[in-house]
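First comes the structure, then the notes that go with it.
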Amino acid sequence: MPDNPIRTDAPVLDVQNLALRFKGAPANIVDGVSFSVHPGETLCIVGESGCGKSVTALSLMGLLPPQVARIMSGTASFDGRDLLSLGQRQMADLRGNTVSMIFQEPMTSLNPSYRIGDQIAEVALRHRPVSRAAARQRALEMLDRVKIPAAASRLNDYPHELSGGMRQRVMIAMALANDPTLLIADEPTTALDVTIQAQIIDLINDLQKETGTALIMITHDLGVVAEIADRVCVMYAGHIVEDAPVEAIFDDPQHPYTIGLMSSVPSIGPRSGKLATIGGMVPTIERMPSGCRFTPRCPFAQPDCAAATPALAELGPAHGVACHYAPLEATFAEAAS
């Protein structure tokens, strides 16, 4: 795991109290989310499917149609500008330029009708004053950079002629073509086999170190988190329930949900019993619990947990936890004595 000194430089992106609601929904799908990411830092946002991780990223990129979802409140400061207040044309100028995103499934993200060289070149042409020849050369450079073999011969391939891992490398090449300040990767290895997953994660990690790009990695894979994260935000049912340096998340998790996630990870070596599980499921937007949204699944829940939503309170250096009873070991040790 990386070392994690407390950052004193200004964040590349600072999100405060983001709330998002789908049209007709009775509650916010993302509710009061705050986090920041600094230059060269890797922030991992983790949680089960349905926790609001991808929706948060899409809202920051301006990719949620206003007729489907609405920003209820909050700010997202990037390079002195609030992303949430920008118009469609302004966001289009940022996307693929200073802010880029890698999506889960490259086959649906790449245009099947265009050659991959043209698709990468288009990113440079859209945002840089370059000729088509220069953009084409940039596409070749990026294919080399993401370690696609025989890159020159691949420029004229269509997406369907590439494997899943190669298509994901093309997506990374497109995302980094203009040397963005911020890169958001939304579960970029989900559709790939384990060996290719490791290669893609290593590639993203290496390229980020080369460029100094701030990285937000959205994932449910705690192995990926342990390998590349500097900081971790644990998300549950639209709330950030724990935010801490990666060492603290693995060595001293404090939110009951984080503890459950850590306990469910298989370890190397002999097993003494079954893996721990978190009972129940992430609540649907139609049946969102009151107060702490983890209450129905929480083994430490008390009657007052459903009465009020806990704030993200600081327990230690840069370690915030949204739980009425954190630190758990101190609270319940006192209750038992």
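Inside the range 208-237, can you point out the residues that are assigned to a loop (DSSP other than H, G, I, E, B), open to solvent by less than 10 Å² (accessible area, probe 1.4 Å) and not hydrophobic (A, V, I, L, M, F, W, C)?
Narrowing the range 208-237 to residues assigned to a loop (DSSP other than H, G, I, E, B): 212-213, 220-221, 229-230, 237.
Those still in the list that are open to solvent by less than 10 Å² (accessible area, probe 1.4 Å) too: 213, 229, 237.
The answer is T213, and nothing else.
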Within the range 28-37, which residues are open to solvent by 20 Å² or more (accessible area, probe 1.4 Å) and of a type outside the set (S, T, N, Q)? I29, D31, G32
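Output the residues belonging to the range 14-27 that are over 25 Å from S290 (Cβ atoms) and buried (at least 17 other Cβ atoms within 10 Å of the Cβ). Steps first, please.
First, the residues of the range 14-27 that are over 25 Å from S290 (Cβ atoms): 14.
Correct list: empty.
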Within the range 153-165, can you find the residues that are open to solvent by 40 Å² or more (accessible area, probe 1.4 Å), in contact (Cβ under 8 Å) with a residue 24 or more places away in the chain and part of a helix (DSSP H, G or I)? R154, H160
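Name the residue, out of A308, A313, A276, that is modelled with pLDDT under 90 and open to solvent by 30 Å² or more (accessible area, probe 1.4 Å).
Details: A308 fails: modelled with pLDDT under 90; A313 fails: modelled with pLDDT under 90.
Of A308, A313, A276, the one residue that is modelled with pLDDT under 90 and open to solvent by 30 Å² or more (accessible area, probe 1.4 Å) is A276.
Could you pull out the residue among D252, D243, D221 that is modelled with pLDDT under 95 and over 16 Å from A185 (Cα atoms)? Full working, then the answer.
Values: D243 fails: modelled with pLDDT under 95; D221 fails: over 16 Å from A185 (Cα atoms).
Among D252, D243, D221, only D252 is modelled with pLDDT under 95 and over 16 Å from A185 (Cα atoms).
Could you tell me which of the residues A177, A191, A150, A173 is within 27 Å of R132 (Cα to Cα), of a type in the set (A, V, I, L, M, F, W, C) and open to solvent by 40 Å² or more (accessible area, probe 1.4 Å)? Spell out how you get there, then give the answer.
Values: A177 fails: open to solvent by 40 Å² or more (accessible area, probe 1.4 Å); A191 fails: within 27 Å of R132 (Cα to Cα); A173 fails: open to solvent by 40 Å² or more (accessible area, probe 1.4 Å).
Only one candidate passes the filter, namely A150.
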Among the numbered criteria (1) in contact with a strand residue (DSSP E or B) (Cβ under 7 Å, 6 or more places away or on another chain); (2) part of a helix (DSSP H, G or I); (3) under 20 Å from S54 (Cα atoms), which one does M174 miss? (1)
Which numbered condition in (1) in contact with a His (Cβ under 7 Å, 6 or more places away or on another chain); (2) open to solvent by less than 30 Å² (accessible area, probe 1.4 Å) is the only one that S100 fails? (1)
Looking at the range 42-53, can you tell me whether even one residue there is small (G, A, S), touching a helix residue (DSSP H, G or I) at 6+ places or on another chain (Cβ under 6 Å), assigned to a loop (DSSP other than H, G, I, E, B) and open to solvent by 20 Å² or more (accessible area, probe 1.4 Å)? no
Need the failing condition index for I240 against (1) part of a strand (DSSP E or B); (2) farther than 27 Å from C292 by Cβ, just the number. (2)
Odd one out for L63, checked against (1) modelled with pLDDT under 95; (2) under 27 Å from D206 (Cα atoms): (2)
Restricting attention to the range 119-141, does a residue exist that is free of Cβ contacts under 8 Å to residues at least 40 places away in the same chain, closer than 28 Å to L222 by Cα and surrounded by fewer than 16 Cβ atoms within 10 Å (Cβ to Cβ)? no
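The values are calculated or read from the model by the stated rules, or taken from the named source; none is laboratory data. On a predicted model such as this, the values are computed, not experimentally measured, just so you know. Every residue, glycine as well, gets a Cβ built from its backbone with ideal geometry; the counts of neighbours run over all protein chains shown. Accessible surface is based on the protein model in full, side chains and every heavy atom, while ligands, DNA and RNA are left aside. Shrake-Rupley method; radii C 1.70, N 1.55, O 1.52, S 1.80 Å.
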